1. Against the definition (assigned to a loop (DSSP other than H, G, I, E, B), hydrophobic (A, V, I, L, M, F, W, C) and modelled with pLDDT of 85 or more), how does Val124 come out, yes or no?
2. Before we move on, is Lys85 part of a loop (DSSP other than H, G, I, E, B) and at pLDDT below 85?
3. Could you tell me whether any residue of the range 123-141 is surrounded by 10 or more Cβ atoms within 10 Å (Cβ to Cβ), among the small types (Gly, Ala, Ser) and farther than 30 Å from Lys79 by Cα?
4. Quick one: in the range 44-65, of everything that is charged (D, E, K, R) and over 22 Å from the mean Cα position of the chain (by Cα), which residue is farthest from Met34 (Cα to Cα)?
Amino acid sequence: MTEIDDLISDLSNSKLYGTCPNCRKPSKLSEFVMFSVTEEFPEEGKKSKTAYEELFENKTADFQTQVKRATEGAEKTSKAVGFGKTIEKMIHLHKKFNIPLEDCRFLAEPLDVIVFNGAAANNVDHITFMEIKSEKARLNKHQRMIRDAIKDNNVKVETI
């Protein structure tokens, strides 16, 4: 027997405990499969190694699936946002956009358009704050705050 074999034998027959670094649970060292790295893996070690390799492969496959879904989702969202930003800059060119361009002021941020209804005819009868959305797009936080301020009549006119 070598010194390593003697050490493994002593530890296997001891009443010593070790603590798992993951779960912090103490266990008897005699319950562990101990072996020298200079020798072939014992059968129990081979089984554990195979189980961990399979677990690793499964987790890797799951991770790759999640990355693919996230990438595809981000790409789809990016395209939709890009399309929306393009449309909001060109919407006034659409034949169904029945508001005279002279009445519109295109801001893009935080809202797309402010329409001074009747400005082209020198007779503004109301003002419309317009946000153009495509598909399932929603108002962002600042746009909701503006909408709520208008609904609550928290709008002022000031001359400086």
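The values are calculated or read from the model by the stated rules, or taken from the named source; none is laboratory data. Here the structure is a predicted model, which is why all the values come from computation and not from measurement. Neighbour counts run over all protein chains shown; Cβ positions are idealised from the backbone, glycine included.
1. Values: assigned to a loop (DSSP other than H, G, I, E, B): yes; hydrophobic (A, V, I, L, M, F, W, C): yes; modelled with pLDDT of 85 or more: yes.
Yes, satisfied.
2. Values: part of a loop (DSSP other than H, G, I, E, B): no; at pLDDT below 85: yes.
So Lys85 does not fit the description; no.
3. Restricting attention to the range 123-141, the residues satisfying the condition of being surrounded by 10 or more Cβ atoms within 10 Å (Cβ to Cβ) are 124, 127-134, 137, 139-140.
Subset that is among the small types (Gly, Ala, Ser): 134, 137.
Filter again for farther than 30 Å from Lys79 by Cα, leaving none.
No, because not a single residue in the range 123-141 is surrounded by 10 or more Cβ atoms within 10 Å (Cβ to Cβ), among the small types (Gly, Ala, Ser) and farther than 30 Å from Lys79 by Cα.
4. Applying the first criterion (charged (D, E, K, R)) to the range 44-65 yields 44, 46-47, 49, 53-54, 57, 59, 62.
From the residues that got through so far, the ones that are over 22 Å from the mean Cα position of the chain (by Cα) too are 44, 46-47, 49, 53-54, 57.
Values: Glu44: 10, Lys46: 12, Lys47: 14, Lys49: 14, Glu53: 19, Glu54: 22, Glu57: 25 Å.
Filtering first and then ranking leaves Glu57.
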